[in-house]
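**Q** Here it is, the structure in full.
The values are calculated or read from the model by the stated rules, or taken from the named source; none is laboratory data. Remember, it's a predicted structure, so these values are computed and weren't measured experimentally. Glycine also receives a Cβ, built like all others from the backbone with ideal geometry; neighbour counts cover every protein chain displayed. What goes into the accessible areas is simple: the full protein's heavy atoms, side chains included, and nothing from ligands, DNA or RNA. Shrake-Rupley method; radii C 1.70, N 1.55, O 1.52, S 1.80 Å.
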Amino acid sequence: MIQAIGLTSASRRGRPPAVDDLTFEARPGAVTVLLGPSGAGKSTALRLMLQLTPGRGVALLRGRPLSRVPHPAREVGVLLGDVAGHPGRTALGHLRMLAAAAGVPGGRAEDVLEVVGLSGLADQRLGRFSQGMDRRLGLAVALLGDPHTLVLDEPERGLSPRETAWLHGLLHGFAGQGGAVLVTGRLPEETARFADRVVSLEAGRLVADQTAEDFTRTRLRPRVAVRTPHADRLTAALTREFRGADRPADEGPVEVVRESGSRLSVFGSSCAVVGEIAYQQRVVIHQLADEVGDCGDRAKAGPLHRADGRQAEGPVPAPIKPLVPAGAEAALPPRLPALPPPGPSWPVRYELRRLAGLRTAWWLMAAALLAGLVTALALAPTGPRPAERALTGWAEPLPLPPVAIVAGVLGALAFGQEFRYPALTPSRVPVPRRLSLLTGKLVVSATAALLLCCAAVTVNSTSFTLLFGQDVPVEGSWEIALLGTAALSVGCAWSGLLAAGIFRSTLVGLAAVAAVPLALAPALRALLDGRTGPSLDGLPGRVHALTSLPFPSGVDRWLSASAHLASQPIGWALGLSLAVLLCGYALVSLRNGVR
């Protein structure tokens with residue numbers, strides 16, 4: 001059950017609201033269509049219901065607003081606009097990523113792909129999908145969490161007539177299993193063929209809320225409306241007159257429908273013809289007019305007794321019984337069993353799917369390893385170098401080692417791609433800055449940076465051993481090189497991620513990574529040198545002296561490596577950058593209302 005009560009969008013610059021005091025219901029077991037021309041407010045009404053745009057009123061899903069639904073993906077399936085997926089991701093990878101976020105089994109992705117007829121294109125990149133394929137994939141996303149309600153914005157757009165017929169059968173099958181379906185449409189004739197109830201909008205206001213029968217009878221066909229105290233006599237006369245009349249085949253038959261009381265409607269004729277027949281039969285006419293539009297419903301929606309969505313006392317109308325095409329229910333995906341709520345690991349699983357599902361990340365990591373190896377081998381003949389430079393291929397002109405640069409790029413893409421292709425939201429709106437999502441991205445980006453550093457040090461040290469034997473051109477310990485480079489890479493990844501999350505841009509994230517060695521570290525060095533003078537030169541030795549305290553075996557080497565990184569200006573700059581970005585992210589999240 002969907003209940004929309006008093007939905008009103010926020011007006012801007014004195015203009016009337018796109019949706020004004022809209023109230024309607026979409027009951028389970030029926031397909032409800034919001035009908036209206038372009039600009040009537042249909043899409044805005046859906047966005048108001050889903051709390052994606054500011055406004056007033058309330059929309060209840062089985063008695064609860066969406067903000068109080070603990071797991072929205074399992075309650076409502078949404079399709080607004082095109083699928084917001086990265087064009088380089090496969091259809092199956094996209095659905096598995098969203099399945100991890102919804103807490104449903106990964107095998108559900110194959111089930112919904114089979115239902116929408118895209119199982120043969122599971123490994124196809126989204127960038128190569130046609131518009132019709134994109135709509136089918138959007139419907140698969142909506143069905144992924146086995147929701148009770150479907151909210152779809154013009155789902156037949158881009159589909160061929162045969163695909164549209166399939167879609168209508170699928171929606172009726174979903175409604176036949178007790179689900180509620182709410183879709184928008186622009187074509188009255190198409191709507192009349194598959195809707196169970198039609199809610200007509202015009203200029204953001206409710207025009208009519210009718211059953212499909214009443215909609216077809218009152219709003220699709222032009223008619224002659226007649227009111228007379230002798231309705232039975234005029235009906236019989238019109239029926240006799242038109243029964244034997246010769247009419248062109250393209251005009252169709254004339255239909256006389258007796259309404260309640262003194263009213264009758266004549267379809268397929270004109271006022272002049274009906275008036276002449278009434279004059280010939282000496283029938284008094286009180287009204288004779290051409291009409292197209294609403295003239296009253298046989299099954300009107302009842303009064304809205306309550307505005308909180310609770311059931312009113314007294315008899316409740318029976319739900320509408322939709323016509324379910326044969327075999328439509330068999331096309332639906334299997335019902336999911338009762339599942340526990342998604343645990344705290346869903347952000348990590350989602351981020352792993354997101355990162356691993358794109359070839360860009362793998363190419364970047366491979367390029368970092370190759371660049372580091374080539375640079376390290378090129379530097380080896382020039383003589384021994386510090387371990388952190390020799391083992392990671394960190395040449396002097398580079399502000400950062402290749403692995404740290406790539407880690408920063410991956411961090412910037414983690415949020416940058418999310419805002420550009422917001423897979424976690426039902427439409428192209430800003431991604432919510434959830435603390436759980438940030439934590440998952442921080443954990444996955446740090447893990448990727450650590451693994452990349454370990455792989456770089458392992459590959460380069462193995463290559464040195466194979467090429468130079470025991471005479472490895474390295475000064476210092478590989479543990480210090482590994483820890484220092486890993487900390488630098490993790491810091492760069494987090495800087496790019498936080499900056500991209502604050503400013504919603506990958507480019508800003510990359511700029512934040514580059515600013516640490518190129519701008520912040522030199523500026524901090526100049527500031528400290530100017531104020532403290534020669535005392536800064538002895539700081540590395542004093543920091544390293546702290547590691548001379550007695551520690552367990554092996555710990556002192558890691559502490560020495562940490563002290564080595566902390567004594568460098570780039571270490572201070574990186575720490576300061578992370579502190580500022582974390583504070584900025586917290587402020588922006590609080591301002592936007594973190595859930």
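**Q** Taking only pairs six or more apart or across chains, which ones have beta-carbon atoms under 7 Å, a first residue in the range 365-393 that is on the phi > 0 side of the Ramachandran plot, and a second residue that is open to solvent by 10 Å² or more (accessible area, probe 1.4 Å) and not in a helix (DSSP H, G or I)?
**A** So the pair list comes out as G383/P473.
**Q** Quick check on my filter: what residues within the range 257-280 are under 23 Å from D214 (Cβ atoms) and in a loop (DSSP other than H, G, I, E, B)?
**A** Listed by number, the residues that qualify are E259, S260, G261, S262, G268, S269.
**Q** Here are some conditions: (1) outside any helix (DSSP H, G or I); (2) touching a Phe, Trp or Tyr at 6+ places or on another chain (Cβ under 7 Å). L182 meets all but one. Which one does it not meet?
**A** The one condition L182 does not meet is (2).
**Q** Tell me whether the range 573-591 contains one or more residues that are part of a helix (DSSP H, G or I), within 30 Å of S477 (Cβ to Cβ), modelled with pLDDT under 90 and among the polar types (S, T, N, Q).
**A** No.
**Q** Inside the range 220-234, can you point out the residues that are of a type outside the set (A, V, I, L, M, F, W, C), free of Cβ contacts under 8 Å to residues at least 60 places away in the same chain and surrounded by 19 or more Cβ atoms within 10 Å (Cβ to Cβ)?
**A** Correct list: T228 only.
Here is a yes/no grid of residues against (1) at pLDDT 80 or above; (2) aliphatic (A, V, I, L, M); (3) crowded, with 18+ Cβ neighbours inside 10 Å:
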{"position": "R420", "(1), (2), (3)": "yes, no, no"}
{"position": "R433", "(1), (2), (3)": "no, no, yes"}
{"position": "A456", "(1), (2), (3)": "yes, yes, yes"}
{"position": "S463", "(1), (2), (3)": "yes, no, no"}
{"position": "L467", "(1), (2), (3)": "yes, yes, no"}
{"position": "V474", "(1), (2), (3)": "no, yes, yes"}
{"position": "A487", "(1), (2), (3)": "yes, yes, yes"}
{"position": "L498", "(1), (2), (3)": "yes, yes, yes"}
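**Q** Looking only at the range 270-293, count every residue that is within 56 Å of the chain's Cα centre (by Cα) and open to solvent by 80 Å² or more (accessible area, probe 1.4 Å) and tell me the total.
**A** Of the residues in the range 270-293, 2 are within 56 Å of the chain's Cα centre (by Cα) and open to solvent by 80 Å² or more (accessible area, probe 1.4 Å).
**Q** With respect to the numbered conditions (1) open to solvent by less than 10 Å² (accessible area, probe 1.4 Å); (2) closer than 25 Å to L438 by Cβ; (3) basic (K, R), which one is the sole condition not fulfilled by R96?
**A** Evaluating R96 over (1) open to solvent by less than 10 Å² (accessible area, probe 1.4 Å); (2) closer than 25 Å to L438 by Cβ; (3) basic (K, R) leaves (1) as the failure.
**Q** Can you list the helices (runs of 4 or more DSSP H) lying wholly within the range 328-402 that have 1 or more residues being basic (K, R) and surrounded by 15 or more Cβ atoms within 10 Å (Cβ to Cβ)?
**A** 346-356, 387-390
**Q** Right, next: Being under 29 Å from A356 (Cα atoms), surrounded by fewer than 18 Cβ atoms within 10 Å (Cβ to Cβ) and either at pLDDT 90 or above or aliphatic (A, V, I, L, M) (or both) narrows it down to one residue among P70, P87; which is it?
**A** P87
**Q** Could we say that R217 is surrounded by fewer than 23 Cβ atoms within 10 Å (Cβ to Cβ), assigned to a helix (DSSP H, G or I) and touching a residue at least 40 places away in the same chain (Cβ under 8 Å) here?
**A** yes
**Q** Here is a further query. Output the number of residues of the range 18-31 satisfying the condition of being surrounded by fewer than 23 Cβ atoms within 10 Å (Cβ to Cβ) and closer than 18 Å to V181 by Cα.
**A** Selection size over the range 18-31: 6.
**Q** While we're on this one: What pairs can you find where one residue is in the range 57-85 and in contact (Cβ under 8 Å) with a residue 40 or more places away in the chain and outside any strand (DSSP E or B), the other is of a type in the set (A, V, I, L, M, F, W, C) and open to solvent by 50 Å² or more (accessible area, probe 1.4 Å), and their Cβ atoms are less than 8 Å apart, with a gap of 6+ or different chains?
**A** From the range 57-85, the pairs are R74/L339.
**Q** State whether one or more residues within the range 101-117 are touching a strand residue (DSSP E or B) at 6+ places or on another chain (Cβ under 7 Å), of a type in the set (G, A, S) and open to solvent by 10 Å² or more (accessible area, probe 1.4 Å).
**A** no
**Q** Then there is this: Given the structure, is G81 farther than 23 Å from G176 by Cβ and either at pLDDT 90 or above or among the small types (G, A, S) (or both)?
**A** Yes, satisfied.
**Q** Next up: Residues that are open to solvent by 10 Å² or more (accessible area, probe 1.4 Å), in contact (Cβ under 8 Å) with a residue 40 or more places away in the chain and in a loop (DSSP other than H, G, I, E, B): does the range 159-176 have at least one?
**A** The answer is no, given that none of the residues of the range 159-176 is open to solvent by 10 Å² or more (accessible area, probe 1.4 Å), in contact (Cβ under 8 Å) with a residue 40 or more places away in the chain and in a loop (DSSP other than H, G, I, E, B).
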